[in-house]
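What follows is a set of notes on a single structure, which appears directly below.
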Amino acid sequence: SFVQTRSGFVDAAPHEVFELLRDPAMHPLIDGSGTVRASSGNGEKLSLGGEFGMQMRLGVPYRINNTVVEFKQDTLIAWRHFSGHRWRYELEPTDGGTLVSETWDASRLRHKWMLRVLGFTRTTGPNMERTLQRLAAHFDEAQ
């Protein structure tokens, strides 16, 4: 599918989770795909319309630019790549923490067939599950 969502519990308040997601320098620590290497940003926290770059590696190193396209403090943040991929994180307070839902939305891409050929429609869901596990582990270790 070109739109996939995974959810997981994080033992931290929505504000704490949101602040981590707003910091591109933290993205390599929680990335479950193994492709995010480093933020090439200026260290600023993300906000609506903000742009940030990431050093990536998928076989070969490359850089990708992102723009924040959805932003609601402590509740929702999403960014898109130049090609239209959208990564969205929705945060919902629950007893003792936060339910985090991550969505990968590639439905706006023109050449979706390439994603299927390259295996992204098969690997993205498990990668998101690992990201949510790493996000939860980050807060478990912080306590």
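The values are calculated or read from the model by the stated rules, or taken from the named source; none is laboratory data. Just so it is clear, the structure is predicted and the values come from calculations on it, not from any experiment. Cβ placement follows ideal geometry from the backbone for every residue including glycine, while neighbour counts extend to all protein chains displayed. Calculation scope for accessible area: heavy atoms of the full protein, side chains included, ligands and nucleic acids excluded. Shrake-Rupley method; radii C 1.70, N 1.55, O 1.52, S 1.80 Å.
Probe of 1.4 angstrom, ligands and nucleic acids ignored: what's the accessible area per residue over segment 45-143, in square angstrom? Numbers along the way, then the final one.
Values: 5720 Å² over 99 residues.
Each residue of segment 45-143 exposes 58 Å² on average to a 1.4 Å probe.
Taking 0.36 nm per intervening residue step and subtracting the Cα-Cα distance, what contour gain separates Val69 from Gln133 on full extension?
Here the answer is 20.6 nm.
Please compute the contact order of segment 18-70 in relative form: average sequence separation of alpha-carbon pairs under 8 Å and at least six residues apart, divided by the residue count, as a percent.
On the way: 84 pairs, mean separation 15.7, N = 53.
The normalised contact order for segment 18-70 reaches 30 percent.
May I ask you to work out the translational diffusion coefficient for the chain at 20 °C, viscosity 1.002 mPa s, via Stokes-Einstein with Rh from the Kirkwood sum over Cα pairs, reported in whole µm²/s? The partial results should precede the final answer.
Values: Rh = 15.4 Å.
Stokes-Einstein gives a translational diffusion coefficient of 139 µm²/s.
Suppose accessible area is computed on protein heavy atoms with a 1.4 Å probe; arrange Leu76, Leu21 from highest to lowest. Provide the component values of the computation, followed by the final result.
Details: Leu76 35, Leu21 0 Å².
The most accessible residue leads, giving Leu76, Leu21.
Please compute the contact order of the chain in relative form: average sequence separation of alpha-carbon pairs under 8 Å and at least six residues apart, divided by the residue count, as a percent. Working shown, then result.
Details: 285 pairs, mean separation 45.7, N = 143.
Answer for the chain is 32 percent.
Report in % the part of the accessible area of the chain that belongs to carbon and sulfur, leaving out ligands and nucleic acids; probe 1.4 Å. Intermediate results must be reported in sequence, preceding the final value.
Details: 4050 of 7740 Å².
The computed percentage sits at 52.
Nearest 10 degrees is fine. How inclined is helix 120-142 to the longest principal axis of the chain, computing both from alpha carbons?
Taking the Cα atoms of the chain, the angle to 120-142 is about 20 degrees.
Quick one: if you stick a label point 7 Å off each Cα along the C-beta vector at Ser83 and Gln55, how many nm between them?
It works out to 2.2 nm between the two label points.
Grab the other residues whose beta carbon is less than 15 angstrom from that of Glu90, score K and R as +1, D and E as -1, and report the net. Could you put the intermediate results ahead of the total?
Details: positive: Arg6, Arg22, Lys72, Arg86, Arg88; negative: Glu70, Asp74, Glu92, Glu102, Asp105.
Surrounding charge for Glu90 is 0.
Within 10 Å, Cβ to Cβ, of Glu70, how many net charges do the neighbouring residues add up to if Lys/Arg are +1 and Asp/Glu are -1? The partial results should precede the final answer.
Numbers: positive: Lys72, Arg80, Arg86, Arg88; negative: Glu90.
Charge balance in the 10 Å sphere: +3.
For the chain, give me the percentage of DSSP beta bridges that are antiparallel, rounded to the nearest 5 percent.
Expressed as a percentage, antiparallel bridges in the chain total about 100.
How big is the dipole moment of the chain about its Cα centre under a simple scheme where the beta carbon of each Lys and Arg is +1, that of each Asp and Glu is -1, and everything else is neutral? Debye, nearest 20, please. Don't jump to the answer; show the numbers that get you there.
On the way: 17 positive and 17 negative charges, 220 e Å.
Dipole magnitude for the chain comes out near 1060 debye.
Any chance you could get the radius of gyration and Dmax over the Cα atoms of segment 64-143, in Å?
14.4, 44
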